1. Answer with yes or no whether Ile148 is outside any helix (DSSP H, G or I) and under 21 Å from Val255 (Cβ atoms).
2. Right, Thr253: closer than 13 Å to Gly195 by Cβ and assigned to a helix (DSSP H, G or I) or not?
3. Take the residues in segment 68-90 that are modelled with pLDDT of 95 or more, open to solvent by less than 10 Å² (accessible area, probe 1.4 Å) and among the aliphatic types (A, V, I, L, M); name whichever of them is farthest from Pro49 (Cα to Cα).
4. Could you check Arg163 against (1) part of a helix (DSSP H, G or I); (2) of a type in the set (Lys, Arg); (3) more than 24 Å from the chain's Cα centre (by Cα) and say which number it fails?
5. Which condition number does Gly130 fail, the rest of (1) touching a strand residue (DSSP E or B) at 6+ places or on another chain (Cβ under 9 Å); (2) in contact (Cβ under 8 Å) with a residue 24 or more places away in the chain being met?
6. From the set of residues in segment 21-60 that are surrounded by fewer than 17 Cβ atoms within 10 Å (Cβ to Cβ) and part of a loop (DSSP other than H, G, I, E, B), which is farthest from the chain's Cα centre (by Cα)?
7. Which residues, counting only those in segment 5-20, are surrounded by 13 or more Cβ atoms within 10 Å (Cβ to Cβ), closer than 25 Å to Val154 by Cα and out of contact with any His (no Cβ under 9 Å at 6 or more places or on another chain)?
8. Any residue that is out of contact with any Phe, Trp or Tyr (no Cβ under 9 Å at 6 or more places or on another chain) and either in a helix (DSSP H, G or I) or among the aromatic types (Phe, Trp, Tyr) (or both) - is there at least one of those in segment 217-229?
Amino acid sequence: MPREITAFSNPLIKYVRDLRDKRHRRAARQFLAEGLRILTEARETGRLPRTLFYAAASANHPLVHALSMDVEDAGGDSIQTTPDILSKLSGKDNPQAVVGVFDEFDATLDDLDRTSSGIWLVAERLRDPGNLGTILRTGDAVGAGGLILIGESVDPFSVEAVRASMGALFTIPVVKTEWAPFHAWLRAGPGQLVGLSLDTDTDYRSATYTGPTFLLTGNEAQGMPPEMAEACDVLVKIPMLGKADSLNAAVATAVMAYEVLARQEKATSSV
């Protein structure tokens, strides 16, 4: 049966609240996810929170009830609490109806099957959690095999990144690695590396894409280093017809991903 916590002084409340802090989160190797939609996405992929908090007013919601039962059946804790405590846990004045504490989950390059998808997303030193979340959502939308983060990128388990992903963190693999092992892994099998760059005359609509296609997006402020650009099989740019010189990293990734998806679907239908 679910238990009830209504006191702010409860040690578990302090522990969960502290998961909003990067240092505490990394030490605990646990993270927060908020909202019924995100937790339902996680549940549908087989991932359940270790601890589930929900407001008493939501107890009879069928999805909340199913989530609570599954958490308890898996040996986790299901806790009914107050909106004020949920607000404290989430850091929002208008908190979501549910908050879950999940164990971090890791994937490595060796876990990936490059033949499972024709599109893969690669981001180098991505710093903005909103961009990371949006790229994850794009990856889910186009059926990408996963997101590979190169170098010192933003933590995908931060509250902001998890929230921005809208559940996509649970639907596609995320691998954190460095350039050298990624490049060695990529060249050990099939795969075309396509870099988004301003330093090329090749329009993204005129390039040829051969799957699996790995779309490489550079750092938001500095772009990709020269050695990475040189390692790409093709560099492409998205034409800018206005005064701006480039698109947001997440938007550019989405434009490219849908172009590659359209090309691959057209090639399949013509066979």
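The values are calculated or read from the model by the stated rules, or taken from the named source; none is laboratory data. The shown structure was predicted, so the numbers you read here are calculated from the model rather than taken from an experiment. Because the Cβ atoms are built from the backbone with ideal geometry, glycine has one as well, and the counts that use them run over all protein chains shown. The accessibility values were calculated without ligands, DNA or RNA, using every heavy atom of the protein model including side chains. Shrake-Rupley method; radii C 1.70, N 1.55, O 1.52, S 1.80 Å.
1. Yes; evaluated as a whole, the condition is true for this residue.
2. yes
3. This residue is Ile79.
4. Just one mismatch for Arg163, condition (3).
5. Gly130 satisfies all of (1) touching a strand residue (DSSP E or B) at 6+ places or on another chain (Cβ under 9 Å); (2) in contact (Cβ under 8 Å) with a residue 24 or more places away in the chain except (1).
6. Out of the qualifying residues, it is Asn60.
7. Matches in segment 5-20: Val16, Arg17, Leu19, Arg20.
8. Yes, segment 217-229 has at least one match.
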